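Working notes, structure below.
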Amino acid sequence: MQTLAVDHPLVAHKLTTLRDVRTDSPTFRRLADELVTLLAYEATRDVRVAPVTVRTPLVETDGVQLASPKPLVVPILRAGLGMLDGMTRLLPTAEVGFLGMIRDEGTLQAQTYATRLPDDLSGRQCYVLDPMLATGGTLAAAIKLLFDRGADDVTAICLLAAPEGLKYLEDAFAGTAAPIRVVTAAIDAHLNEQGFILPGLGDAGDRLYGVV
């Protein structure tokens with residue numbers, strides 16, 4: 001597994017404002033959208049392309065285009081929806097699947113309540129959108145589901161990650177040959193007793209959409 005904490009002044013600037021408790025939901029949504037696009041730029045460095053020849057107004061020239069099958073973007077509901085526009089802005093031709101998962105606050109285990117994904121993901125590169133990599137249980141369950149359906153390359157894009165969550169993923173997929181990458185704006189200090197990232201930015205879903 002590879003982990004990349006994107007070191008860029010604009011990433012740090014936007015993340016700082018997201019952390020601020022005074023940032024309201026509309027501003028939080030806008031900044032999260034912008035931050036995801038910056039993270040997606042790094043996350044797609046290994047996106048598969050195929051050679052193609054095009055004609056400019058003057059001559060023919062060689063270039064590349066996204067290879068088939070198209071990448072699949074998978075936001076984890078509900079907070080991952082706040083990252084979708086920022087990701088598809090960079091990959092507008094990607095297909096989008098949805099995965100509804102919730103963490104049991106007692107056991108901290110992930111439970112799946114909805115899936116809208118192709119049954120066969122053979123040969124697909126998948127990009128999972130999950131704002132907070134905390135305990136790692138939710139993201140690990142999502143990645144396992146994608147691999148079980150045939151995906152052979154998974155990249156997770158997270159606003160924040162905790163060391164405990166990264167360790168959980170490493171252990172969970174220690175024997176997996178398929179590439180797994182985590183791209184995040186920062187790796188924070190640790191989790192508190194309730195499984196929240198510290199210093200973190202609070203509950204991403206609540207800050208995006210309000211408490212429901």
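The values are calculated or read from the model by the stated rules, or taken from the named source; none is laboratory data. For clarity, every value in this text was computed on a predicted model and none was experimentally measured. Here Cβ is always computed from backbone atoms with ideal geometry, including for glycine, and neighbour counts include all displayed protein chains. The protein model used for the area step is the full one, side chains on, heavy atoms only, and it has no ligands, DNA or RNA in it. Shrake-Rupley method; radii C 1.70, N 1.55, O 1.52, S 1.80 Å.
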TODO: Just name the residue that is most open to solvent (accessible area, probe 1.4 Å) out of those in the range 65-97 that are farther than 25 Å from GLY136 by Cβ and part of a helix (DSSP H, G or I).
DONE: ARG89
Task: Out of GLY175, GLY100, sole residue that is part of a strand (DSSP E or B) and either farther than 20 Å from ASP206 by Cα or at pLDDT below 95 (or both) - done: GLY100
Task: When residues of the range 12-70 are limited to those that are in contact with an Asp or Glu (Cβ under 7 Å, 6 or more places away or on another chain) and among the charged types (D, E, K, R), the one nearest to LEU129 (Cα to Cα) - done: ASP33
Task: Qualifying positions in the range 126-150 - open to solvent by 10 Å² or more (accessible area, probe 1.4 Å), in contact with a strand residue (DSSP E or B) (Cβ under 6 Å, 6 or more places away or on another chain) and of a type in the set (A, V, I, L, M) - done: MET132, ALA134, ALA141
- [ ] Pull up the range 178-210, narrow it to residues that are under 15 Å from GLY82 (Cβ atoms) and out of contact with any Phe, Trp or Tyr (no Cβ under 9 Å at 6 or more places or on another chain), then point me to the one that is modelled with the lowest pLDDT.
- [x] GLY210
- [ ] Considering every residue within the range 30-38, establish whether at least one is touching a strand residue (DSSP E or B) at 6+ places or on another chain (Cβ under 6 Å) and either closer than 27 Å to ASN192 by Cα or open to solvent by 50 Å² or more (accessible area, probe 1.4 Å) (or both).
- [x] no
- [ ] Please specify each residue of the range 162-205 satisfying the condition of being without any contact (Cβ under 8 Å) to a residue 60 or more places away in the chain and surrounded by fewer than 13 Cβ atoms within 10 Å (Cβ to Cβ).
- [x] LYS167, ASP171, ALA174, GLY175, ALA177, ALA178, ALA189, HIS190, ASN192, GLU193, LEU198
Open item on the list: I need the full set of residues from the range 112-125 which are surrounded by 13 or more Cβ atoms within 10 Å (Cβ to Cβ) and free of Cβ contacts under 8 Å to residues at least 40 places away in the same chain, in order please.
Closed with: THR112, THR115
TODO: Look through ILE157, ILE102 and report the one residue that is open to solvent by 40 Å² or more (accessible area, probe 1.4 Å) and hydrophobic (A, V, I, L, M, F, W, C).
DONE: ILE102
TODO: Go through THR53, THR61, THR16 for me and flag whichever is open to solvent by 50 Å² or more (accessible area, probe 1.4 Å), free of Cβ contacts under 8 Å to residues at least 12 places away in the same chain and in a helix (DSSP H, G or I).
DONE: THR16
